[in-house]
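Quick notes on the structure that follows.
Each value in this text was obtained by applying a stated rule to the coordinates, not by laboratory testing. Only a predicted model underlies this, so the values are computations on that prediction, with no experimental measurement involved. Cβ placement follows ideal geometry from the backbone for every residue including glycine, while neighbour counts extend to all protein chains displayed.
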Amino acid sequence: MSKKENKKQSLDSPILDETQPHQINAPSFKGTGIKMEQPFVNEHGVVIGDSHYNSPNSPLNQWSDDVDPSIMAGDEWVHPTNDIGWNTSENRELLEQNQAPQGVPFMHPTKDVSKSTD
């Protein structure tokens, strides 16, 4: 793979340091043990998880009063790590419970280094 191809591939990915920077409130998966997954094509030929939501044969691009929304129900329509559901407080808490502790901030054993700083 050439450097140009490699750069394009990384630019097309919605994943950066185990988070989704294009979503303002996206949680970080870093340290949770959950591996961020790349977009995939479901059994209907629709790209899931690319954050563009613009596959040519997506029901969203062919919507009418005759389209039954239930055709987009099921696991094949939900990306495991790039889904808006991760932005809910309940799901964010699930991620935070899986994150390894970050350690205690440095504290001097005998000196209050924060004295008179406020």
Check your understanding: Between Ile84 and Asn25, 0.36 nm times their residue separation minus their Cα-Cα distance comes to what?
Key -> 20.3 nm
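Between Asp66 and Val41, what is the FRET efficiency for a Förster distance of 22 Å, r being their Cβ-Cβ separation, to the nearest 0.05?
That gives a FRET efficiency of 0.35.
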